[in-house]
There are 4 protein chains.
Amino acid sequence: MNKILDKIVQNNIENITLGKKASYIPALANVPDGIGIAVRDSHGVYTSGDAERMFTFQSMSKIVLLMLALKDNGFDYVFNHVGLEPSGDSFNAISNLDFNQAIKPYNPFINAGAILTTSMIKGETYDEKLKKIIDLSSCIFGRSNITFNDEVYVSERESANRNRALAYLLKEKELLTGNVEEILDLYFRACSLEVNCIDLANLGHFLAFNKDACGVKGDHLRIIKTLMLTCGMYDYSGEFAVRIGLPSKSGVSGGIVSCAPRRMGIGVFSPRLDEKGNSILGVRMMEELNKELELNIFR
Amino acid sequence: MNKILDKIVQNNIENITLGKKASYIPALANVPDGIGIAVRDSHGVYTSGDAERMFTFQSMSKIVLLMLALKDNGFDYVFNHVGLEPSGDSFNAISNLDFNQAIKPYNPFINAGAILTTSMIKGETYDEKLKKIIDLSSCIFGRSNITFNDEVYVSERESANRNRALAYLLKEKELLTGNVEEILDLYFRACSLEVNCIDLANLGHFLAFNKDACGVKGDHLRIIKTLMLTCGMYDYSGEFAVRIGLPSKSGVSGGIVSCAPRRMGIGVFSPRLDEKGNSILGVRMMEELNKELELNIFR
Amino acid sequence: MNKILDKIVQNNIENITLGKKASYIPALANVPDGIGIAVRDSHGVYTSGDAERMFTFQSMSKIVLLMLALKDNGFDYVFNHVGLEPSGDSFNAISNLDFNQAIKPYNPFINAGAILTTSMIKGETYDEKLKKIIDLSSCIFGRSNITFNDEVYVSERESANRNRALAYLLKEKELLTGNVEEILDLYFRACSLEVNCIDLANLGHFLAFNKDACGVKGDHLRIIKTLMLTCGMYDYSGEFAVRIGLPSKSGVSGGIVSCAPRRMGIGVFSPRLDEKGNSILGVRMMEELNKELELNIFR
Amino acid sequence: MNKILDKIVQNNIENITLGKKASYIPALANVPDGIGIAVRDSHGVYTSGDAERMFTFQSMSKIVLLMLALKDNGFDYVFNHVGLEPSGDSFNAISNLDFNQAIKPYNPFINAGAILTTSMIKGETYDEKLKKIIDLSSCIFGRSNITFNDEVYVSERESANRNRALAYLLKEKELLTGNVEEILDLYFRACSLEVNCIDLANLGHFLAFNKDACGVKGDHLRIIKTLMLTCGMYDYSGEFAVRIGLPSKSGVSGGIVSCAPRRMGIGVFSPRLDEKGNSILGVRMMEELNKELELNIFR
């Protein structure tokens, strides 16, 4: 396995400057180039490249936020408020909240949906809710030293007017309850949580077996995997499913967490993105790994 | 297996009048109630209920039309003209053709996409193209006596102004070439082809193994299965994937063709539909079968 | 003239309970029924019915807000940020802010546009800006005792999540600068300013002659009248122009301010609204007055 | 007056190559540059530049088509099928036919609306209907030798897939009855009718006085003028109303017909268009004429 991962990194490292880093905040635009991969299966963890370099969780945190929303509220409550349907639209589309007769966000992996699942995390105080995010991440990653990137957190919060607009629309529709600024704050905290490829591989492995663990029900893991396949890669989800066929979730930091059901978890990282917001080399590494190991669930 | 199928039919037969038949043409509105199921695995075919009753292929024919488009043009050509993304919209949405900057229909399973794949079937004459549809269906179903429901065909063609509008929009965008009326005619012919649950089980079984057969490449079968999972059940596709997790395609005649990869093909039928256009008892039977046999690909 | 106005009120008073009062805040839902009309021409003011009853300015304040924005910034600046086009959509449509490539709100009479013009009122402090609204209203109405309905103000501010969402979207697009909550506060203050039919007739008369007055340029009055004709009555504007043909602006409190260019100003009031948010009897009184006096600018 | 018109033409002739000719059909793309203006008031006709050069009627024919629809069906019937509201969208927008709950085209001056008014012209045969168009044009223009540009007619008909799509959508919604191809044919015939600036000035003058003439009711002329002001210049209508303030209708051939109520009719021509499809020099000439003669109805 180590050989395979090394070969995949070598095949792609020459294209490390292809594409553009996320530019909406300086903290993301200024990260150094890099490439990393990690796999976790029943035998252990395998890595290559910058697999231990830390980057921010970004949209991949939507998985953890959904786990907590499901844990605290159950399937029916959560999915009475947010849909299960892929949108075909980009991650920050506002359309479906207002147009169409749709009364709820398409799914928990578009921003509007993730803000809503964040609002469903129960706790007396902000700190209590944040602790839930930290504790679950800690349990899944198998390490206790969870940190946040404060620069990213502050920048995101300050440039968050579209998300703020989404939150107020959700509030107007009485889908979201609670204090908008507090909910957004928690959401940006989760986005700024620091992870590396090994953490992502552990998260993918955690998802792979539908076993109750860390307080999360196995049945909820199955649901999350399904949503990752249909909605996890923004408006590239459909094509990614056809080409690679693995439940995956990307973030604008350049990470992708992926899962080969009943087999392994995978984490890849490279900060430059394609037009749809997915890591260019991340997608390519996933494609090569899939070919090497025949992981595609439709194969 | 026969016992399981009988139990499933018995569990649902009392609700045989739940929901509404498709009403846009009399030929669909006036079919008698019924319920049937068929499974084909490596050991043979199992059936229960009205598994041999004939109904029209409708949107399930989009699978066969896509197979032929892929066969005649290859992956790249087809998917340069039609997308791979789920739409979150209902089957006859016109939106994405005009709004958004999208320049192609979301996927081959919405009407606009299927009209386009139909236009890609190559042949000197109309009859030659129709023969391709008949021959491929015949090969997949394992029977030579392919028939069409003329009443459905004539009615669909006459009430087809929305599809006609879609076709002219595709033509204006230079995605569609050829004679619009001929292409629509072929499309309605395919929709009016008569099948039963056993045929659908055979089609599902054909899809299950990604093997080259009947002139169709195995790799194309994998792609079609992926699209069935993400886009096969109209705007219920996402929820169907979460609840049942099998590549499936429904039609307004009340049939559903489904596939448990590497295991079996499934065909169910009951003509009354839910609000999204899927067979109510068909979906319920799929849910029960999935629980009995643990077929969900995310399990 | 008094006879005409009395007849118009008598013709309509029996239908005083037709339609529904604005219901989104109790302060509007619970106002008593009533009907009033006032006309101001070069000879003086004529009234009938409840012409002195106070109600809130609501969307009619968008005229005053636009006057101040134009006064403080000039035509070019204002209309580089907000359009001059009718929208065909209802007053709180969010669509055009996001969909289409449109980068600015359609016009200053939809909520997004009016929030933007409010943000353009210059002043060191909130109080200074509010004073500008009070002073201009005072000058136009010819009375110094400007009051606000605090109950309406507080309720609007609290139920303002859609407007808050609009404001944050405008901020994200860098069309709006300044503190969102302060701008919204000012906007709701203007909406809660108390007026009666005589005030509206004075406002209409002020608009009628394109003369520099109260610090407002005559040329800006011409522009505002044009926008009132094309966009003043929500998505009934086109039909109102065809039927009555006078620059007019309605508010959900049931008032309509109207203007017969070079002839007179008109104010009508009755709190029950039609489906598009315009006063039912207000529109009818305008129609009768128009017929009596042949005011239609296309006549 | 002749001096004024000459000055206006001289002021603009140097910019005769500014902008682009309509390019969707060669017959429009290849016309020579030119500039002309004509005014008709109670004293007679005044012209300057290429006022007698013939060009095609294009969207300006929508005025004549609406006159005939109103004549044959009355106000209520026509406007139960097509709206009176400006759309804020470009002339060939398809959105409102499908999106929104709107069940009819916004107004008779977008293509969908004009195809619908064309379908309302009554006659036993196609020739009878066409004769109505010819006869009314002949009466308004005051000349009997009405001709058509066959090259334009044939090209438009062949490249008409978007209009064809609109027509089939209208048919599906049961707004349009009759044979789609025949209706489109009649519509393209009307678009290809040949006019010059003097004809347009006569049409504007015909509209200016709301007098029953040529079988058209004066009250219908008032309605048409109102629609010209709110919807006549595509998605520039609002700004044109603010800047010039005259009921006007443009066509992609570069003509604009305009009307100063109770005063005069105006026709301008220059084939190069701005981004919204209006004649660049045509709009400029209208602006200068308006300033010279103070025609703006809001002045």
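Every number here is computed from the coordinates shown, using simple stated rules; none is lab data. Bear in mind the structure is a predicted one, so any value in this text is a computation, not a measurement. Cβ: placed from backbone, ideal geometry, glycine included. Neighbour counts: every protein chain shown.
With a 10 Å cut-off around each Cβ of C:291-299, the average count of Cβ atoms from other chains is 4.
Taken about its Cα centre, the protein assembly as shown carries a charge dipole of about 0 debye when Lys and Arg each add +1 at the Cβ and Asp and Glu each add -1 at the Cβ.
Starting from the Cα of residue C:211, draw a straight line to each of the aspartates and glutamates and keep only those under 16 Å, dropping any in the same chain fewer than 8 residues away. The reachable aspartates and glutamates, counting only those whose Cα sits under 16 Å from residue C:211, are C:41, C:219, D:294.
Under the combined filter of DSSP loop state and at most 15 neighbouring Cβ atoms within 10 Å, the stretch C:194-299 retains these GluC sites (Glu not before Pro): C:275, C:294.
Ranked from shortest, the separations from the 7 Å Cα-to-Cβ label point of residue B:77 to its equivalents in the other copies are 5.1, 5.5, 6.0 nm.
Counting only the Cα atoms, the stretch A:137-177 fills a convex hull of 103 Å³ per residue. Take each peptide in B:112-120, A:75-83, count the other Cβ atoms within 10 Å of every residue, and average; sorted highest first, the result is B:112-120, A:75-83. Dividing the Cα radius of gyration of the stretch B:184-299 by 2.2 N^0.38 Å, with N the residue count, gives 1.01. Cross-link partners for residue D:7 among the lysines, with Cα-Cα distance under 29 Å and sequence neighbours closer than 8 places in the same chain left out: D:20, D:21, D:225, D:249, D:276, D:291. For residue D:2, the point set 7 Å out from Cα toward Cβ sits 5.8, 9.9, 10.4 nm from its twins in the other copies, listed from shortest up.
For chain B, the cysteines with no partner cysteine C-beta closer than 4.7 Å are B:191, B:197, B:231, B:259. Report the local net charge at residue D:180: Lys and Arg +1, Asp and Glu -1, summed over other residues whose C-beta lies under 14 Å from its C-beta. It works out to a net charge of 0. Stick to the Cα atoms of the stretch D:1-43, pair each with every other, and give me the Kirkwood hydrodynamic radius in Å at one decimal. Computed over the stretch D:1-43, the radius equals 12.5 Å.
Placing a label point 7 Å from Cα along the Cα-to-Cβ axis, residue A:131 is separated from the same position in the other copies by 5.1, 7.6, 9.1 nm, shortest listed first.
Closest approach of a chain C beta carbon to the axis mapping chain C onto chain D (residue, whole Å): C:86, 2. With the convex hull constructed from alpha-carbon coordinates only, the stretch D:27-78 shows a mean projected area of 5.8 nm² over all directions. Averaged over the residues of C:214-222, the number of partner chain Cβ atoms lying within 10 Å of the residue Cβ comes to 1. Highest mean packing first, where packing is the average number of other Cβ atoms within 10 Å per residue, the peptides D:47-54, B:244-251, A:176-183, C:227-234 line up as C:227-234, B:244-251, D:47-54, A:176-183.
If one takes the longest principal axis of the Cα atoms in chain D, at what angle in degrees, from 0 to 90 and to the nearest 10, does the Cα axis of helix D:180-191 lie? For D:180-191 against chain D, the angle is about 10 degrees. Positive end of the charge dipole of the stretch A:82-240 (Lys, Arg +1 and Asp, Glu -1 on Cβ, about the Cα centre): tell me which of A:210, A:83, A:163 has its Cα farthest that way. The one lying farthest along the dipole's positive direction is A:210. In the stretch C:61-191, Rg over Rh equals 0.95, where Rg is the alpha-carbon radius of gyration and Rh the Kirkwood radius from pairwise Cα distances.
For the peptide D:235-245, the mean number of other protein chain Cβ atoms found within 10 angstrom of a residue's Cβ is 6.
Computed over the alpha-carbon pairs of the protein assembly as shown, the distance histogram in 10 Å steps reads 2, 9, 16, 18, 19, 17, 12, 6, 1, 0 percent, short to long. Relative to the first principal axis of the alpha-carbon coordinates of chain C, what is the inclination of helix C:61-81, with its axis defined by its Cα atoms, in degrees from 0 to 90 and to the nearest 10? On a 0 to 90 degree scale, this one is about 40. From the largest down, the stretch C:166-231 spans 39, 26, 24 angstrom on the principal axes of its Cα atoms. The angle separating the long axis of helix B:126-141 from the principal Cα axis of greatest extent in chain B is about 20 degrees. Net charge in the neighbourhood of residue C:217 (other residues with Cβ under 15 Å of its Cβ; Lys, Arg +1, Asp, Glu -1) is +1.
Distance between the modelled labels on residue D:18 and residue C:52, one decimal in nanometres: 5.7 nm (7 Å Cα→Cβ projection).
Taking loop as defined by DSSP and a crowding limit of 15 other beta carbons within 10 Å, which trypsin sites (Lys or Arg not before Pro) in the stretch B:109-161 fit?
Those that pass, being in a loop and sparsely packed, are B:122, B:143.
Taking all Cα pairs closer than 8 Å and separated by 6 or more residues, the relative contact order of chain B comes to 27 percent.
Mark the label point 7 Å from the Cα of residue A:80 along Cα→Cβ and return the residues of the stretch A:108-135 whose backbone N is within less than 15 Å of it. Residues A:120 fall inside that zone. For chain A, list log₁₀ I(q)/I(0) at each q in 0.10, 0.16 Å⁻¹, using the Debye formula over Cα point scatterers of equal strength and ignoring solvent, two decimals each. With no solvent term, the Cα-only Debye profile gives -0.47, -1.32. Site pair residue B:276 and residue A:293 shows an inter-label distance of 3.1 nm when each label is modelled 7 Å from Cα along Cα→Cβ.
FRET efficiency for the residue D:211 to residue D:7 pair, using the beta carbon distance and R₀ = 30 Å, is estimated at 0.45.
Using the Cβ-Cβ distance between residue C:182 and residue C:144 with R0 set to 22 Å, the FRET efficiency from 1/(1 + (r/R0)^6) comes to roughly 0.30.
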